[in-house]
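This report concerns only the one structure given below.
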Amino acid sequence: MSDKKGAFSSSSYAEIAIEEVYDIIIDTGLWPSTFNDNKKTDMLEMMISYFQEKEQYEKCAELQRVLEEI
């Protein structure tokens, strides 16, 4: 849904959200109180797949470290 005025598509919003969540997890280690270990694992695995597709392997490694601590 991108147009000449620079509007973001819904996939761009999803990408922005993933990047923001990455920063929060890595910088603060905070999770929503409703996230149990299964939800955390699912989220981290999804994010690792996303960053693999983007070839951002450093972020994958950071997320893998967090995943191993769960």
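Brief remarks on what is shown
- Residue-normalised accessible area of the chain, expressed per residue, 1.4 Å probe, Å²: 74 Å²
- Electrostatic tally near K59: other residues with Cβ closer than 12 Å to its Cβ, Lys and Arg +1, Asp and Glu -1, net -4.
- The chain, accessible surface, carbon-and-sulfur percent (1.4 angstrom probe): 52 percent
- Ratio Rg/Rh, restricted to the chain and using Cα atoms, in which Rh is the Kirkwood radius: 1.04
- Nearest 10 degrees, 0 to 90: helix 37-53 Cα axis against the chain principal axis: 50 degrees
- From its DSSP helices (H runs of at least four residues, each -39,500 (n - 2.57)), the chain gives a residue-normalised ellipticity at 222 nm of -23500 deg cm²/dmol.
The values are calculated or read from the model by the stated rules, or taken from the named source; none is laboratory data. This one's a predicted model, so the numbers in the text were calculated from it and none came from an experiment. Note that each Cβ is placed from the backbone with ideal geometry, even for glycine, and that neighbours are counted across all protein chains shown. Ligands, DNA and RNA are excluded from the accessible area calculation, which covers all protein heavy atoms including side chains. Shrake-Rupley method; radii C 1.70, N 1.55, O 1.52, S 1.80 Å.
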